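Inspection log for the structure reproduced underneath, given as structure tokens.
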Amino acid sequence: MNIKDIVNRDIVNLTNCEQEPIHIPGSIQPHGFLLGLKEESFLIDYCSGNTTEYIGIEHKELLGKDFESVFGIDNSKALQQYISNNKLLSSTLLKLLYNGKNFLCTLHKSNNIYILEAEPVSEDTKEASQVYDQTSQFLLYMHDTHTLKELCQLVAKGTREITGYDRVMIYRFDKDYNGEVFAESCRDDLEPFLGLHYPHTDIPKQARELYMQNLLRIITDINYTPVPIYTVDDRKEKNLDLSLSILRSTSPIHVQYLQNMGVGATLTISLIHKKKLWGLIACHHYSAKNLTPEMRLAAQLQGHFITSQIDLRQSNEEYELARKTNASLESLSNFSLLSSSGFADLVKRQDILSLCNATGISILFNGKIYKYGGAPSDDEIQHLANWMATYSGNTSFYTDKLLDYLPDFRNICEKTSGVIYHSLSMENNNCIMWYRPETKTEVNWGGDPNKSIIKDKNGLSPRNSFKLWKEIVDCTSKPWKQPELEAAKTYAHYLQKQISLVAIMQEEEKYRKLSELLKETNAELENINWISTHDLQEPLRKIQLISSRILSKEENSMSENVQDSIKRMNSSANRMQTLLIDILKYTRLKHTEGSFEDVNLYNIIDEVKEDLSEAIRESDAEITAEGLPVIKGVSFLLKQLFSNLIANSIKYAAAGRQPKIKITAGDFPVPYSNENKKLYNVIYIADNGIGFEQEYAENIFNIFTKLHPSSEYKGSGVGLALCRKIMHNHNGYITASGTLGEGAVISLYFPVEN
């Protein structure tokens, strides 16, 4: 049987450490031993090279054997019972007894391999009651604190008391994973690291990812010699994922980094909040130090306490701020753009600044800028509004370092470093913006962050200087806090609604004024109509009366020319009177939908024929009707409609041809057009008169429009316009088609449901 080690011997340096496969080092730390057992058979497929020191059997003798044959039936049953109870990676540790030695073991699964990590029971194990007392005391501390910082400080203190490390830090990440020592407890003779910042390069990405998987990481001796892991050489590239391992060997880059700090041992506990790595509990000791598995679990409990309290403590800290912003929001909600000078007054209110603790504000609306306080110039506001509308897609945006987004406009960013932007419309750059000025801050780094990698005769290596390095941060405002952002967002939405309401009310006022103007105009038209039907008809009657008397009494004494002139004057007066009567009918025709009723068209046509009997008899006209439906409408209007149309057909009869007028209906309802899908009953009035050219089919319905000279055909040109208005009042349509010299067809469209 061939045996090989799986040690990862790829050369690792700072040029490739971001890609270093730290989860498969192929080695472990020497304070325990490791076995990899096949899932089904429990055969030992992996084994660390230090088993002789702990159980007196070399790894070569262990590989390929089943667990029970080596450790006995009792340990085998304990192992299988542990697995069947699903206690993998639980707080209950697996206990093994071999050759009189007690071991505490952690067990987890990697692919199809159970990884068992065994450590000898320490004589320095603290009593369980002592660990419990310390944890209970810590719980009392939790109830006595209000802020997150106070809580973290007590966690640091409590963790150091439980573990005995020289230094315990609560390390918090920012959005870019730069770290800050947020709380600390250390030996009195050590230089404190509290408040120091460390660049994100100190903890590379793949290390942060492992911290998300494995919540506890221990290095008992920085100067340890890695122990290789061996396996049966039965396939190529055989390896073992140690992401969840306690004994996993550490990256040589990280070891060198800790050596440069002078650290001898570490314990790191992950703090996970909302599925992200919020921070770490980082414990340093300046000599070798190990903890029993029980103590590690007690320390890990401190991390759970912190993460369970982050939301609550942050909420407590933000409560007072939220209360103040909500008070400003409530005050602003009582302000109306209609009851004041609008935006000009709004921007000058102190509560619109205190809403999000800004120092300046601007509103850009319909090309006009309203601003107050520490706002940029009008040109700068216009530039910012244009850029933010494009960048955010007319939504919202905020930053406490505008220079990161507009590096070419440092002059703006120095005065206005922080901005909250909310668009007020999607069509243009209308927006509201709050501003904060630059706040210069001093950041203390644990060494120059720009020198996190150094170059010496040995090549690239981690920095070895951790001396205090001060950085002055400029072009940055105080960060916007969540209650401030929420208040700004809420008010921006409220302002959008108020602007829409104002626009609607202004539009309503516009229509109200137009309606009043229309009423006045209609009243004037009615007065004009009264004058035309009353005052103008009286002189016409006198003209007709006097001209008739002159013709009857003085006819023999007048010349033919004078008689002809008087006759033409009388005829003109008659036409004028007819025109005035038709205008009266047209202007008084109103929509009377409320009086619609079922109308039998045969009855209507019979009445029309009776009224036009003399004209029908004189012209020898033939009028027929068939297949006509019952129509919803106003009876007297429909009578006027058919009277005008039949009279027109008689009037425009062709010379030498008997007038024939046929009134029929379509076989079934049809839509009026492709756009109007509503169904209509269609009535056709067809004649064999003089007809017209189709290009005039629409013009003939215009008022006062006549296609033929007045000398040939009498009429005012109002009749067909009146017909169209009647059809409009019946929610219908009227169209005409004709052929010159052959006749015309008038089509009436009545809605099926009126």
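The values are calculated or read from the model by the stated rules, or taken from the named source; none is laboratory data. As the structure is a computational prediction, the values presented were derived from the model and not from experiment. Reconstructed Cβ throughout: ideal geometry from the backbone, glycine too, with neighbour counts over all protein chains shown. Side chains are part of the model used for accessible areas, which takes the heavy atoms of the whole protein and leaves out ligands, DNA and RNA. Shrake-Rupley method; radii C 1.70, N 1.55, O 1.52, S 1.80 Å.
For the cross-link pairs LYS149/LYS275; LYS109/LYS274; LYS274/LYS415; LYS149/LYS324, the ones whose C-alpha atoms lie over 30 Å apart are LYS274/LYS415.
Protection proxy ranking, highest mean first, for peptides 229-238, 501-510: 229-238, 501-510, where packing is the per-residue count of other beta-carbon atoms within 10 Å, averaged. Averaged over residues, the count of other Cβ atoms within 10 Å places the peptides 432-438, 614-620, 475-481 in the sequence 432-438, 475-481, 614-620, highest first. The simple spin-label model puts a point 7 Å past each Cα toward its Cβ; for ASN674 and ALA503 those points are separated by 3.3 nm. If R0 is 56 Å, the Cβ-Cβ spacing of LYS324 and SER69 corresponds to a FRET efficiency of close to 0.20. Near ALA118, once Lys and Arg are set to +1 and Asp and Glu to -1 for all other residues with Cβ below 14 Å from its Cβ, the sum equals -1. Taking Lys and Arg as +1 and Asp and Glu as -1, the other residues whose beta-carbon sits under 13 Å from that of LEU190 total -2. Placing a pseudo-label 7 Å from each Cα along the Cα-to-Cβ vector at ILE546 and THR521 gives an inter-label distance of 3.8 nm. Label positions at LYS4 and ASN99, each projected 7 Å from the Cα along the C-beta direction, are separated by 3.0 nm. Taking each residue as 0.36 nm, the span from ASP598 to LYS205 lengthens on full extension beyond its C-alpha to C-alpha distance by 133.1 nm.
Averaged over residues, the count of other Cβ atoms within 10 Å places the peptides 282-291, 491-500 in the sequence 282-291, 491-500, highest first. Extension gain, LEU297-GLU53: 0.36 nm per intervening residue step, less the Cα-Cα distance, totals 85.3 nm. Multiplying the residue separation of GLU560 and HIS273 by 0.36 nm and subtracting their alpha-carbon distance yields 91.7 nm.
Heavy-atom accessible area with a 1.4 Å probe sorts THR490, THR390, largest first, into THR390, THR490.
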